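Quick notes on the structure that follows.
The values are calculated or read from the model by the stated rules, or taken from the named source; none is laboratory data. Here the structure is a predicted model, which is why all the values come from computation and not from measurement. Cβ placement follows ideal geometry from the backbone for every residue including glycine, while neighbour counts extend to all protein chains displayed. For the accessible areas, the whole protein counts, side chains as well, though only heavy atoms, and no ligand, DNA or RNA atoms are used. Shrake-Rupley method; radii C 1.70, N 1.55, O 1.52, S 1.80 Å.
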Number of protein chains: 2
Amino acid sequence: MSVVEQGRPLTPAAQRVLDVAGTLFYERGIGGVGMELIAAEAGVTKKTVYDRFGSKEALIVAYLRTRDRRWRAFVTERVTAAPGPRAGILATYEALDTWQRRHNARGCSMVNACAELPDPEHPVHRVAAEEKAWLRDVYRRLVTEARYDDPESLADRLLILHEGAIVTYSIGGLPDSARIARDTADALLPR
Amino acid sequence: MSVVEQGRPLTPAAQRVLDVAGTLFYERGIGGVGMELIAAEAGVTKKTVYDRFGSKEALIVAYLRTRDRRWRAFVTERVTAAPGPRAGILATYEALDTWQRRHNARGCSMVNACAELPDPEHPVHRVAAEEKAWLRDVYRRLVTEARYDDPESLADRLLILHEGAIVTYSIGGLPDSARIARDTADALLPR
DNA sequence: ACCTATCTATACCGGTGTGTATACTTGCGG
DNA sequence: CCGCAAGTATACACACCGGTATAGATAGGT
């Protein structure tokens, strides 16, 4: 049984494989990276990779889940540190700005994965949908907490701004997209 | 010399190939479609495909350029039919709404292509950048024409809303994303 | 009548990619 | 001390994919 099918802690080799897969999948695309290369780069045999993860599909899912977990923790930290719900909303865009400048020249890993694996039955679509639903809930919660009118519609608007900032940063030629999205949200939110 | 390297009219077989490639690339992804399949589906030999287009890369570029041309014509038509610059801006989101409901369950073909072919030197990145730059210019022109303050910043905000609506429609679970983006723009633009 | 462009039919080459099989080693816990 | 989990090393099966080669058919223009 592979190590991902129940949340056991990763073996050292499996951790290295997951780390390498994370950077390679993101930088070169999922289809552009073979299991052979991942194994070599992690200093591991292909057999070890398959013993730990079972298949490429499972490794892809593990890669996305790991990235998702980190991203959620990063945002949550920034939001809870904010002095109130309104500042919390703006903090999501500031977090995005920081995240992008740190390690995000290639857009959203979820969106990219869905682009490469179009079959809607493929597990990556579930992971991606969960991530977007999570962010939408974050906005809903904050908007409700701030007692704005029409919270659901407002949360959708904030989500659209967020996703738009990600795309326009990587291919729209807007290196300040997150900051612009933040200011747009600031203009949309009553004081 | 291939038929795309100078704008000669396409031969009947080449046109069929381009049509088939258009739907298949979009629906199954570029990496998920082989030249063999495209040829077969178009009722054509692989040799014909290579005689007309030269390579898969060139066929991909032709596919994106064709789609881009149609999209620009569609938007331009709606914008020029609008009674003024403010209505023109809103018309871009209404056009997106129509376009998405008609044939767009899988997001932006440019974004998807860039996700599949990460090398920034690959020609698809140039095509994608041109398309986004064009849309940004559309917004700049309209915003300037409407004599709003800070036109460049406002145009960027409108572009972010637009791209966000595309992503959240296909992955974010917002079937009304374009309409929401339109209403958001409506709220942002002084009357 | 001939030439050229277009297209069919089919076979093939080299490379790559996922996944499996086999045999051996190392280290730790009961 | 033994057994099991984790890992190395290597080879291989099988499929697919981009691209090429060869040979022939068809039709329109000069």
By the mean-Cβ-within-10 Å protection proxy, highest first, A:111-119, B:169-177 rank as A:111-119, B:169-177
Note to self: C-alpha centroids of region A:147-191 and region B:49-127 sit apart, in Å, by 23 Å
Of the convex hull enclosing the alpha-carbon atoms of region B:63-188, the direction-averaged projected area in nm² is 7.5 nm²
With one decimal in nm and the nearest listed first, the spacings from A:A187 to its own position in the other copies, using label points 7 Å along Cα-to-Cβ, are 1.3
As straight-line cross-link partners of A:K56, the qualifying lysines (C-alpha separation under 18 Å, not fewer than 8 residues apart within one chain) are A:K46, A:K47
Among A:L59, A:V124, A:L174, the residue whose Cα sits farthest towards the positive end of the charge dipole of chain A, when +1 is placed on the Cβ of each Lys and Arg and -1 on the Cβ of each Asp and Glu, is A:L59
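What's the total accessible area buried between chains A and B, using a 1.4 Å probe, rounded to the nearest 100 Å²?
2800 Å²
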Site A:A87, offset 7 angstrom along Cα→Cβ, radius 17 Å on amide nitrogen, limited to region A:132-159, gives A:142-143, A:145-147
Taking the dipole of region A:1-109 about the Cα centre (Lys, Arg +1; Asp, Glu -1; charges at Cβ), the one of A:M35, A:A82, A:L10 that reaches farthest to the positive side is A:A82
Expressed as a whole number, the average count of other chain Cβ atoms within 10 Å around the Cβ atoms of A:97-110 is 1
Largest-first semi-axes in Å of the equivalent ellipsoid built from the Cα gyration tensor of region A:1-102 are 32, 15, 10
The Kirkwood hydrodynamic radius of the protein assembly as shown, taken as the inverse of the mean 1/r over all distinct Cα pairs, in Å, comes to 22.1 Å
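At a Förster distance of 45 Å, what's the computed FRET efficiency of B:T80 paired with B:E41, Cβ-Cβ distance as r, to 0.05?
Computed FRET efficiency for B:T80 and B:E41 comes out at 0.80.
I need the shape label for region B:74-137. Rule: rounded when a/c is under 1.5, else prolate if a/b > b/c, else oblate, with a, b, c from the alpha carbon gyration tensor.
oblate
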Within the under-13-Å Cβ sphere about B:N104, not counting B:N104, Lys/Arg +1 and Asp/Glu -1 give a net charge of +3
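For peptide A:20-30, compute the average count of partner chain beta-carbon atoms within 10 Å of each residue's beta-carbon.
The per-residue average across the peptide is 1.
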Expected field for A:I166, accessible surface area in Å² at 1.4 Å probe radius, rounded to 10, holds 20 Å²
In chain A the accessible area split gives carbon plus sulfur, as whole percent at 1.4 Å, a share of 50 percent
At 4 °C in a medium of viscosity 1.567 mPa s, region A:1-54 has a Stokes-Einstein diffusion coefficient, with Rh taken as the Kirkwood radius over alpha carbon pairs, in µm² per second, of 116 µm²/s
Expressed as a whole number, the average count of other chain Cβ atoms within 10 Å around the Cβ atoms of B:115-122 is 5
